[in-house]
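Enquirer: Sending over a structure as structure tokens; questions will come in a sec.
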Amino acid sequence: MAIQSTDSPGAGTDSLALARERLIVALDVPDAEAAVRLVQQLDDTCTWFKVGLELYVAAGPAIVEKIAGSGKNVFLDLKLHDIPNTVAGAVRSAAKLGARMLTLHASGGPAMLSAAKNEITGLSNPPELLAVTVLTSMDAGQLHATGVGRLPSSQVELLAKMGMEAGIRGFVCSPQEVAQLRALTGSEGVLVIPGIRPAGAAVGDQKRIAGPGEALRLGASYLVVGRPITQAPNPAEAAKEILGDIAKAS
Ligand code: C5P
């Protein structure tokens, strides 16, 4: 199930080391300096970092190369959605940067998903393609406004099946959808779950949250955690607590 990271601990390592392979820290910061500071603060604690649109637009491909070049795993969360040829080119560029995971919108359609998948086929160390089904900010009303009459849960299922038919086994979804997608993908699925809040953490703007242990029990492969770590007075300590929860639940 888990992608082998560049610094995978392999067999026989303790549960904390394995937990480290499942925690992705969201670097939702405005510039490269803030991102590098966090990666350094978490250097001994975390192996996966998510670079999203805010940071990528500000700091560009160099920040991906810098983090990947320091031996960390980068999840490049760009949510690609364009014509197949353009998405294939973006996937090619992201793979060259050393990203280990990359998001794209399943709603781009089967041809776009297949073009993305074809682009990584045959690469020696390809990024895992993760399809985003329905954005967690979309409720039934928002979906209807875009001409989609289905409920979000059935649209999630339709898009996930479309992704699987194109050969995509990775999905980003909320804790609310993870059991549904695990049932659909079986053990092959790579399910990456944001909206994780350890006990006592501020919920912020997240609507559908789960604790680390609960998300893992529901079928998560990886947990994405941002503010509970990045805005903690001591990010490394906050990450260690979450790693402890993951280790207990794994
Ligand atoms: O700070 P927090 O833990 O809420 O950060 C969650 C991260 O996961 C953010 O980078 C957010 O953009 C991302 N994300 C999400 N919900 C999705 C997809 C991505 O919260 N459906």
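Enquirer: Of the accessible area of region 107-250, with the probe set at 1.4 angstrom, what percent is carbon plus sulfur?
Expert: Accessible surface attributable to carbon and sulfur in region 107-250 totals 52 percent.
Enquirer: Write down the accessible area per residue of the chain in Å², having rolled a 1.4 Å probe over the full set of protein chains.
Expert: 45
Enquirer: So if I take the centroid of the Cα atoms in region 219-240 and the same for region 161-191, what is the distance between those two points in Å?
Expert: That distance is 23 Å.
Enquirer: Treating each Cα of the chain as an identical point scatterer and ignoring solvent, apply the Debye formula and state log10 I(q)/I(0) at q = 0.07, 0.11, 0.15 Å⁻¹.
Expert: For the chain, the Cα-only Debye profile gives -0.21, -0.55, -1.07.
Enquirer: Span-like helices, the chain: DSSP H, alpha-carbon axial extent 15 Å or more, mean Kyte-Doolittle 0.0 or greater, which ones?
Expert: Within the chain the helices that satisfy the rule are 84-97, 110-120, 235-249.
Enquirer: Based on DSSP H runs of at least 4 residues, each adding -39500 (n - 2.57), what is the mean residue ellipticity at 222 nm of the chain after dividing by all its residues, to the nearest 500 deg cm²/dmol?
Expert: Here the helix-only value at 222 nm equals -12500 deg cm²/dmol.
The values are calculated or read from the model by the stated rules, or taken from the named source; none is laboratory data. Please read all numbers here as calculations on a predicted model, not as lab measurements. We work out accessible area using only protein heavy atoms, side chains counted, and drop any ligands, DNA or RNA first. Shrake-Rupley method; radii C 1.70, N 1.55, O 1.52, S 1.80 Å.
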